[in-house]
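All remarks here apply to the structure that follows.
The values are calculated or read from the model by the stated rules, or taken from the named source; none is laboratory data. What you are looking at is a predicted structure, and each value in this text was computed from that prediction instead of being measured. So basically every Cβ, Gly included, is an ideal-geometry build from the backbone, and we count neighbours across all protein chains shown. Calculation scope for accessible area: heavy atoms of the full protein, side chains included, ligands and nucleic acids excluded. Shrake-Rupley method; radii C 1.70, N 1.55, O 1.52, S 1.80 Å.
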Amino acid sequence: MSSFRFVSVLATLLFLVAPVGTPAQTTFASEPPASFTLPNGMQVVVIQDHRTPVVTQMIWYKVGSADETPGRSGLAHFLEHLMFKGTNKHPAGEFSQTVLKIGGNENAFTSVDYTGYFQRVPRDQLGRMMEFEADRMTGLVLKDENVLPERDVVLEEYNMRIANNPEARLSEQIMAALYLNHPYGRPIIGWHHEIEKLTREDALAFYKRFYAPNNAILVIAGDTDVNEIRPMVEQTYGKVPAQPEIPVRRIRPQEPEPVSPRTVTLADPHVEQPSMRRTYLVPSATTAAPGESAALDVLAQLMGAGSNSYLYRALVVDKSLAVSANASYQGTSLDPTQFSIGVSPKPGVEFAQVEAVVDSVIAEIAQNPVPASDLERVKTQLVAEAIYAQDNQATMARWYGGGLTTGLSIEDIRSWPDRIRAVTADQVRAAAQKWLDKKRSVTGYLIKDNSAKREEKRS
């Protein structure tokens with residue numbers, strides 16, 4: 001498995017709901033994907049791409065770290081590791097070795113809202129992949145001798161990606177401060193002290209509770225069509241019984257209305273470049289009112305995408321206070337999500353100087369309409385990025401899998417360019433006024449800890 005698994009999933013899927021279209025005609029250039037549902041409740045989505053004889057299979061389970069039992073953080077990610085431990089029918093390693101032998105590739109990932117597994121293989125091998133994946137949907141065999149060593153692997157992963165990474169540790173603390181009540185405040189990989197206590201019984205109970213066809217979406221993208229796929233799916237996944245106790249809706253504790261800004265400071269001796277990050281609690285594409293999510297997409301692009309963005313021009317070019325500045329909006333989320341601003345100040349520049357400029361940029365957008373030329377430029381950029389991304393069938397599968405598992409429909413995903421094109425200057429201004437309110441934010445400061453050097457000098 002790769003680093004795609006948990007740390008960068010949200011950032012990787014930033015444009016996940018951006019479908020294929022053209023700047024002139026804001027709809028898909030290709031036919032819409034076919035979709036059907038098996039009697040056991042599993043939804044199947046088929047995206048045709050006949051340019052090469054290759055297919056990508058992605059199975060998305062509608063369960064992520066936000067669905068874990070309190071006190072068992074990291075369980076979704078831990079089970080993702082354990083899903084490669086084999087079944088009675090296919091011992092550990094057989095699935096992965098088969099993918100390797102046929103020249104394919106595979107991976108898995110865990111996020112707050114979903115867990116996914118995928119293989120990219122020659123089209124004539126798709127049936128075998130379905131058989132393997134359907135078998136481990138309910139046939140996983142776990143024993144202490146392979147569960148406990150894998151828990152150690154996860155702990156080492158935590159040490160490598162979080163404990164020894166100051167930026168990741170700051171992100172962990174910002175999320176914990178942003179979400180006072182919602183489980184998005186827990187790290188996807190889990191809290192270290194809770195990972196240490198995860199057991200085989202915990203993993204099996206989680207597996208039996210959430211891994212079932214009626215809690216999964218199968219996305220097939222590539223050189224195939226629904227007429228070929230349907231009988232294959234019926235012969236594999238169609239034979240897996242549904243889990244009747246899985247709730248139709250995922251209901252999580254929600255956030256109270258924010259009443260004050262919060263700050264987090266992390267000092268670490270390994271920090272070479274101090275940075276400031278401010279994250280706002282904002283609606284996702286699923287929870288936003290009509291037009292709000294698209295306006296936040298456009299606002300993020302205006303403020304922090306590239307050298308022409310407002311933050312970059314103000315902080316890096318005009319005032320020469322920073323070496324970088326960016327903004328992003330994570331729209332693909334089942335529950336309220338984040339709008340983030342990041343700045344790396346130049347040496348000797350105080351955070352207060354940087355924040356004053358950030359606040360002034362936000363105030364300008366909130367008070368005055370964005371110039372029409374800027375608005376059209378960034379909307380065209382957003383749609384163009386979606387056009388270029390359609391060149392990768394795995395990206396196409398991620399668009400649909402990520403969107404569908406977080407409450408969107410196929411039509412929601414396909415109509416994204418229309419919503420971007422419809423965003424007005426007034427909507428952008430309203431989004432900045434309403435959602436980039438400082439009391440909705442957590443500001444994190446990453447600084448170098450020089451205390452060890454000071455102690456050495458004293459001694």
Nearby aspartates and glutamates by direct alpha-carbon distance to residue 89 (threshold 18 angstrom, same-chain neighbours under 8 apart not counted): 131, 133, 135
5 Å binning of all Cα-Cα separations within region 261-305, expressed as whole percents from 0 upward: 5, 15, 19, 16, 16, 12, 9, 6, 2, 0
Cross-link partners of residue 346 among aspartates and glutamates (Cα-Cα below 16 Å; sequence separation of 8 or more within a chain): 272, 318, 355
Cα centroid separation - region 143-168 against region 211-263, whole Å: 27 Å
Sequence ranges 113-121, 244-252, ranked by mean other-Cβ count within 10 angstrom, highest first: 113-121, 244-252
Cα-based reach from residue 379 at 23 Å (exclusive), listing lysines while leaving out same-chain residues under 8 positions away: 434
Equivalent ellipsoid semi-axes - Cα gyration tensor, region 307-410, angstrom: 31, 16, 15
Rh by Kirkwood over Cα pairs, then Stokes-Einstein D for region 79-203 at 0.890 mPa s and 25 °C, µm²/s: 149 µm²/s
Kirkwood Rh and Cα Rg combined as Rg over Rh, evaluated for the chain: 0.98
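Take each of the peptides 368-376, 311-319, average the number of other beta-carbon atoms within 10 Å over its residues, and list them starting from the highest.
Going from most to least packed, we get 311-319, 368-376.
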Net dipole in debye of the chain [+1 Lys, Arg Cβ; -1 Asp, Glu Cβ; about Cα centre; nearest 20]: 520 debye
Globularity index of region 297-345, i.e. its alpha-carbon radius of gyration over 2.2 N^0.38 Å: 1.22
Relative contact order (%) - the chain, alpha-carbon pairs under 8 angstrom, separation at least six: 25 percent
Three-way shape label, region 35-146, alpha-carbon gyration tensor, a/c 1.5: oblate
Of all accessible heavy-atom area on region 160-214, the percent that carbon and sulfur account for (1.4 Å): 49 percent
Probe 1.4 Å, accessible area per residue of the chain, Å²: 42 Å²
The chain: calculated mean residue ellipticity at 222 nm from DSSP helix runs of at least 4, using -39500 (n - 2.57): -11500 deg cm²/dmol
Sequence-separation-based contact order of region 103-234, relative, with Cα cut under 8 Å and 6+ spacing, percent: 27 percent
Rg(Cα)/(2.2 N^0.38 Å) for region 30-82, N = residue count: 1.62
Highest-first arrangement of 97-106, 357-366, where packing means the average Cβ count within 10 Å: 357-366, 97-106
Carbon/sulfur fraction of accessible area - region 331-429, other protein chains in place, 1.4 Å, %: 53 percent
Calculated from backbone phi, Karplus (6.51, -1.76, 1.60) coupling profile of region 200-205 in Hz, x at Gly/Pro: 4, 5, 4, 5, 5, 5
Anisotropy class of region 227-363 from Cα gyration tensor, a/c 1.5 cut: prolate
J(HN,Hα) series, region 387-401, from Karplus relation 6.51 cos²θ - 1.76 cosθ + 1.60, nearest Hz, glycine and proline x: 4, 5, 5, 5, 5, 10, 5, 5, 5, 4, 4, 5, 3, 6, x
For region 410-455: rounded, prolate or oblate by the Cα gyration tensor [a/c cutoff 1.5]: prolate
Region 208-270, Rg to Rh (Cα coordinates; Rh as Kirkwood inverse mean 1/r): 1.29
Region 296-321-region 93-116 distance, computed between alpha-carbon centres (Å): 38 Å
Quotient of C-alpha Rg and 2.2 N^0.38 Å, computed over region 369-459: 1.77
